[in-house]
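The values are calculated or read from the model by the stated rules, or taken from the named source; none is laboratory data. Keep in mind it's a predicted model, so treat the numbers as computed, not measured. Ideal geometry is used to build each Cβ from the backbone, glycine not excepted, and the neighbour counts take in all protein chains shown. Keep in mind that these areas ignore ligands, DNA and RNA; they rest on the heavy atoms of the full protein, side chains included. Shrake-Rupley method; radii C 1.70, N 1.55, O 1.52, S 1.80 Å.
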Amino acid sequence: RLARWRKMQGWTQARLAAELGVKQPYVSAMERAENPSIPGPTVMIELFVLTRGAVQPNDFYDLPALSVQQREAA
């Protein structure tokens with residue numbers, strides 16, 4: 001999802017890295033379909049804010065998206 005969002009913005013991995021305060025290879029590792037790098041909490045928050053919620057922490061795990069209603073029912 002991160003790569004798709006970045007490409008829709010017309011950004012390079014280098015630009016995204018600069019916006020997040022990380023290096024380009026780290027962005028590449030996060031975008032990899034196989035063995036992606038899972039960003040730490042600070043980067044996850046920055047991604048969520050930067051993408052206005054289009055990229056969420058669950059996107060880096062093999063978990064379904066949760067709704068508020070599902071969470072309240074749990």
Modelled FRET efficiency - R0 25 Å, E46 with R1, Cβ distances, 0.05 increments: 0.95
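List the GluC sites (Glu not before Pro) within the stretch 1-49 that DSSP assigns to loop and that have no more than 16 neighbouring Cβ atoms inside 10 Å. Mind showing how you got there, number by number?
On the way: sites: E19, E31, E34, E46; in loops: E34.
Counting only loop positions with at most 16 other Cβ atoms within 10 Å, the GluC sites (Glu not before Pro) in the stretch 1-49 are E34.
Averaged per residue, what accessible area in Å² does the stretch 1-63 show with a 1.4 Å probe, protein chains only? Let's see the in-between values first.
Working: 4210 Å² over 63 residues.
In whole numbers, the stretch 1-63 has 67 Å² accessible per residue.
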